[in-house]
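**Q** The structure is given below, and queries will be raised subsequently.
The values are calculated or read from the model by the stated rules, or taken from the named source; none is laboratory data. Since the model is a prediction, treat every value here as computed from it, not as a measurement. Reconstructed Cβ throughout: ideal geometry from the backbone, glycine too, with neighbour counts over all protein chains shown. What goes into the accessible areas is simple: the full protein's heavy atoms, side chains included, and nothing from ligands, DNA or RNA. Shrake-Rupley method; radii C 1.70, N 1.55, O 1.52, S 1.80 Å.
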Amino acid sequence: MSVRVVDRGADELVARIRALETTKASVRVGILSDAPKKEREGATGKLSLLEVAAVHEFGAPRAGIPARSFIRATIDERTEDIARLERVLLAKVVAGDIALKPALDAVGAKVAGWIQQRIAAGIDPPLSPATVAKKKSSTPLVDTGQLRSAVTW
């Protein structure tokens, strides 16, 4: 009697899993570059887009600007969705159906889209009447669209 071993992909599967164990791959989502902020006509601001994002994300109490978290709040709200997406994509990476980089890009794109949707929907607290009159809109964080379009991964 003889034993014949037929590898139906187990070795490759184990190799992919071992490669994932040693990788430090990750995805970052948010405002990732410190590009200069383009000002509206007549505005005289000197803050970069990254600084504007930080002010809105964390607030600036001395300047009377409340925190309107668009990044952390989205992550907190979508934690289960993100984990589910990661599990699905990790299974595809392990199965060899998708490479790691495109899987991470898919997570980044999805989370960036959720952040952009949160900005577009408006974030509490409401703007002061003076701010609404100045920018002619009552939607916080939306003026020129720069902040929303700068969200990337």
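**Q** Within the range 69-106, find all residues whose amide N lies under 20 Å from a label point positioned 7 Å from the Cα of Leu13 along Cα-to-beta-carbon.
**A** Counting only backbone N, you get 87-100.
**Q** Per residue, what accessible area does the chain have, given a 1.4 Å probe and all protein chains present, in Å²?
**A** 68
**Q** Also, quick follow-up: In the chain, what percent of the accessible surface is made up of carbon and sulfur (1.4 Å probe, ligands and nucleic acids excluded)?
**A** Values: 5830 of 10460 Å².
Of the solvent-accessible surface of the chain, carbon and sulfur hold 56 percent.
**Q** Highest mean first, what order results for 101-112, 119-130 on Cβ atoms within 10 Å?
**A** Most protected by this proxy first, the peptides run 101-112, 119-130.
**Q** How many lysine pairs does the range 1-111 hold where the Cα atoms are under 25 Å apart and the two sit 8 or more places apart or on different chains?
**A** 9
**Q** Let me ask you something else. Counting each DSSP H run of 4 or more residues in the chain as -39500 (n - 2.57), what helix-only mean residue ellipticity at 222 nm follows after dividing by all residues, to the nearest 500 deg cm²/dmol?
**A** Mean residue ellipticity at 222 nm (helix-derived): -16000 deg cm²/dmol.
**Q** Let me ask you something else. Could you name the aspartates and glutamates whose alpha carbon sits less than 20 Å from that of Lys135, not counting residues in the same chain fewer than 8 places away?
**A** The qualifying aspartates and glutamates are Glu39, Glu41, Glu51, Glu57, Asp124, Asp143.
**Q** Mind jotting down the distance between the C-alpha centroids of the range 118-136 and the range 49-70, whole Å?
**A** If you average the Cα positions of each part, the centres end up 13 Å apart.
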